[in-house]
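Each remark here refers to the structure printed beneath this line.
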Amino acid sequence: MKMFIFTGSSMLAGMFVPIELMPRFMQKVAHLFPQFWLIDGIKRIQSSGLLRDSLLNIAILVGFSSLFFCLAIYRQANSEQEKNFV
């Protein structure tokens with residue numbers, strides 16, 4: 001299941017097909033996935049050679065990471081499995 005989610009979101013984010021070849025609405029949908037921001041950040045670093053050009057991308061990736069981390073903590077705190085284990 002995780003592989004299908006990762007592959008599908010990667011396809012929508014433009015990892016397999018360049019984002020410029022996608023329709024306009026798909027390009028807007030791609031901004032919802034962290035893979036898009038990673039690819040965009042790498043492209044910016046490769047084109048300019050400066051890390052400061054991709055600081056926004058890094059900040060957005062840190063935001064995604066903290067969001068997923070908080071969701072994992074919340075899910076673990078409300079898990080019935082842990083209560084049965086302890």
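Among residues of segment 19-47 that are farther than 15 Å from Ile60 by Cα and open to solvent by 80 Å² or more (accessible area, probe 1.4 Å), those with a beta-carbon under 9 Å from a residue that is modelled with pLDDT of 90 or more and among the polar types (S, T, N, Q) at least six positions away or on a different chain give the pairs Glu20/Gln27. Listed by first and then second residue, the pairs with beta-carbon distance under 7 Å, at least 6 apart or on different chains, first residue in segment 53-72 and in a helix (DSSP H, G or I), second acidic (Asp, Glu), are Asn57/Asp40.
Within segment 2-52, the set of residues being part of a loop (DSSP other than H, G, I, E, B) and under 16 Å from the mean Cα position of the chain (by Cα) comprises Gly14, Met15, Phe16, His31, Leu32, Phe33.
The values are calculated or read from the model by the stated rules, or taken from the named source; none is laboratory data. Computed from a predicted structure; not experimentally measured. Every residue, glycine as well, gets a Cβ built from its backbone with ideal geometry; the counts of neighbours run over all protein chains shown. Note: areas computed on protein heavy atoms with side chains; ligands, DNA, RNA excluded. Shrake-Rupley method; radii C 1.70, N 1.55, O 1.52, S 1.80 Å.
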